[in-house]
Amino acid sequence: MMFGGINSAGASIDAMKHGEASDILLPNQTERVQKVAVDIGGSLAKVVYLTSGPRSQGGRLHFTAFETDNVENCVAFIRSLLDSSSQASTVPNQDQDQDQGDDSDSQSSGQSGHAPVIMATGGGAHRFRDLLNRELGVEIRVEDEMESLTAGLNFLIREVADEVFTYSEDRPMQF
């Protein structure tokens with residue numbers, strides 16, 4: 001299944017932690033895309049980014065965080081991600097945004113003539129928008145935090161097996 005331009009079929013949580021949080025493995029991701037998103041809050045700036053596997057087979061969503069007081073470290077990290085990518089994220093044409101469902105707000109790659117884009121949420125997305133734009137040379141697309149949270153939870157519920165569970169007093173905990 002495609003979720004925001006990512007082939008999420010067979011997605012799973014990596015059993016090994018590579019830092020502060022486990023990665024999400026995307027074994028069927030074949031298209032090379034650069035995806036970077038950031039949530040900048042009062043104390044932490046959280047970054048999620050997609051990398052491609054060897055020979056563009058599979059992909060991996062990584063998660064990392066920086067203290068907001070040291071936002072320049074976050075900016076430097078994002079710059080290194082963008083610099084290491086041969087294809088930057090791009091902003092779709094406004095005409096393409098309409099009537100495209102889940103993929104309309106996604107970043108796509110390889111479309112010449114479009115400015116690189118980073119999706120951002122949180123109060124810091126507004127506070128640091130000019131800094132990110134100036135330092136990274138990208139467009140910052142500020143998204144609603146609750147809508148992004150809902151989309152992320154939908155991704156976990158629908159695409160990542162056994163990652164979300166429910167609790168009911170009538171039944172024992174089930175995954």
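The values are calculated or read from the model by the stated rules, or taken from the named source; none is laboratory data. Computed from a predicted model, the values in this text were never measured in an experiment. No Cβ is skipped: glycine too gets one built from the backbone with ideal geometry, and neighbour counts run over all protein chains shown.
Set side by side, the residues 71, 75, 91, 48 differ, and just one is under 18 Å from residue 6 (Cβ atoms), surrounded by 15 or more Cβ atoms within 10 Å (Cβ to Cβ) and at pLDDT 65 or above, which is 48. Of the residues 10, 42, the single one that is surrounded by 15 or more Cβ atoms within 10 Å (Cβ to Cβ), modelled with pLDDT of 85 or more and not in a strand (DSSP E or B) is 10.
Could you please find all residues in the range 21-36 being in contact with a strand residue (DSSP E or B) (Cβ under 6 Å, 6 or more places away or on another chain) and at pLDDT below 80? Explain how you work it out, then say what you get.
If we filter the range 21-36 for residues that are in contact with a strand residue (DSSP E or B) (Cβ under 6 Å, 6 or more places away or on another chain), which is where we start, we get 21-26, 28-29, 32-36.
Within the range 21-36, 21, 32, 33, 34 meet the criteria.
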